[in-house]
Every structure is written in structure tokens, then in C-alpha cells.
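We did not get these values from a lab; they are worked out from the coordinates using the rules stated. Note that the structure is predicted; figures quoted are calculated from it, not measured. Here the Cβ is made from the backbone with ideal geometry for all residues, glycine too, and neighbour counts use every protein chain on show.
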Amino acid sequence: MDYQNVLVLTDFSKDSDAALQDAVKFAEKFGSQLTILHVVQDESNLSFILSDSEYRNVEDKLERHAKDMFAALEEKIPGLKDLNYKTKTRKGIPYINCLYEIESGHYDLVFAGSHGRSNLKHIFVGSTAEKIMRRSPISVFMTRCHL
């Protein structure tokens, strides 16, 4: 299998940082192009509560936050700045937009972090990473936090 294009899902948590760290090691070994995807939760329901300018302000803050967090990844993840990678942001329901990206991006493999919860709610609802793994048309490499 040729792993030229690898997608890494991030919510900027320790778990997704661990997945990115593993993906960087993988990309170094296989010469892969990394794409790091963050999905900003859709807050369109706030448009009914906030004025137009307040709502745009919330959207702008969410975008700035994502850019700042992407920039911080190079400092947190050893080897990332030496790789050929790009970042992407989508807006909406995280697992659905991750699947849209997987299906539209010509990726060979996906890296996702798992928090490993095991409470009752988790059993019935499942994590974003697990929903992606169950529905993804390509292989998903699920990592556990080791940072």
C-alpha cells in the first residue's frame, strides 16, 4: 500500500496531539504528505440569539482560535515543521465533516486519537473517532494518548 496522502484529525486535545505525533513519525518513514483537519463545531443556532455582528464576532473568534492552535502544533509536535503538511478547517458536526473530507480528499490513511472512555453514555453514543472509524471508506489508525 502506498501512503502518499495521510489525513490527521485534530480537536487540539492531548489525544489528537498523540495521533499527530504518530502521524509525523509515519510520514517521516513513508514520505507522506500530511493534511491536518480541524472541524469547528457549527454554532449556527446562536444566530437566533445573537445579533448579526455578535454572531460574526463568534465565528471570527473560532477561526482565529483554530489558526492559533494550528500554529502552536509546530512547537508541541517534534518533527512537524520539517514535514510537508497542510492544514484544513471545516465547519459543522465533527464526525460528519471528517467523513466528507475523507471521501473528497483522496487520502490513503487517517490518523485519529481516542480518549478511551468507557462510561455508559460512551457505549451508546460513541466517540467522534469511533464513528469515523466505523463509517470511513479507508483505513483509520486509532491512537491512544501517550504524551
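Quick check on the chain: what are the equivalent-ellipsoid semi-axes from the Cα gyration tensor, as sqrt(5λ), descending, whole Å? Present the calculation step by step, with values, prior to reporting the outcome.
Numbers: eigenvalues 135, 73, 44 Å².
Semi-axes, largest first: 26, 19, 15 Å.
Where the centroid of each part is defined by its Cα atoms, how far is region 52-87 from region 7-45 in Å?
One Cα centre to the other: 12 Å.
For the residue pair residue 42 and residue 3, what label-to-label distance in nm results when each label sits 7 Å from Cα along the Cα-to-beta-carbon direction?
3.2
With axes computed from alpha carbons, what is the tilt in degrees of helix 94-104 against the longest principal axis of the chain, rounded to the nearest 10 within 0 to 90?
For 94-104 against the chain, the angle is about 50 degrees.
Take peptides 55-66, 94-105 and line them up by average Cβ neighbours within 10 Å, highest first, as a rough protection proxy. List each step's numbers first, then the result.
Values: 55-66: 13.2, 94-105: 17.3.
Averaged packing, sorted descending, gives the order 94-105, 55-66.
Can you return the aspartates and glutamates within cross-link range of residue 29? Criterion is Cα-Cα under 17 Å, with same-chain partners fewer than 8 residues away left out.
Straight-line reach from residue 29, under 17 Å: 2, 82, 108.
Less than 14 Å Cβ to Cβ from residue 53, Lys/Arg counted +1 and Asp/Glu -1: what total charge do the surrounding residues give?
Working: positive: 56, 61; negative: 52, 54, 59, 60.
Here the count lands on -2.
Given H placed on each backbone N at 1.01 Å, which residues far from residue 87 in sequence or on other chains put an amide H within less than 5 Å of it?
Under 5 Å from the amide H of residue 87 lie the amide H atoms of 36, each far enough along the sequence or on another chain.
Projecting each Cα onto the charge dipole of region 5-144 (Lys/Arg +1, Asp/Glu -1 at the beta carbon, about the Cα centre), which of 99, 41, 141 comes out farthest on the positive side?
About the Cα centre, the residue reaching furthest to the positive side is 141.
Give 91/131; 67/88; 25/67 a once-over and call out the pairs whose C-alpha atoms are over 20 Å from each other.
Working: 91/131 18 Å; 67/88 10 Å; 25/67 23 Å.
Too far apart for the 20 Å limit: 25/67.
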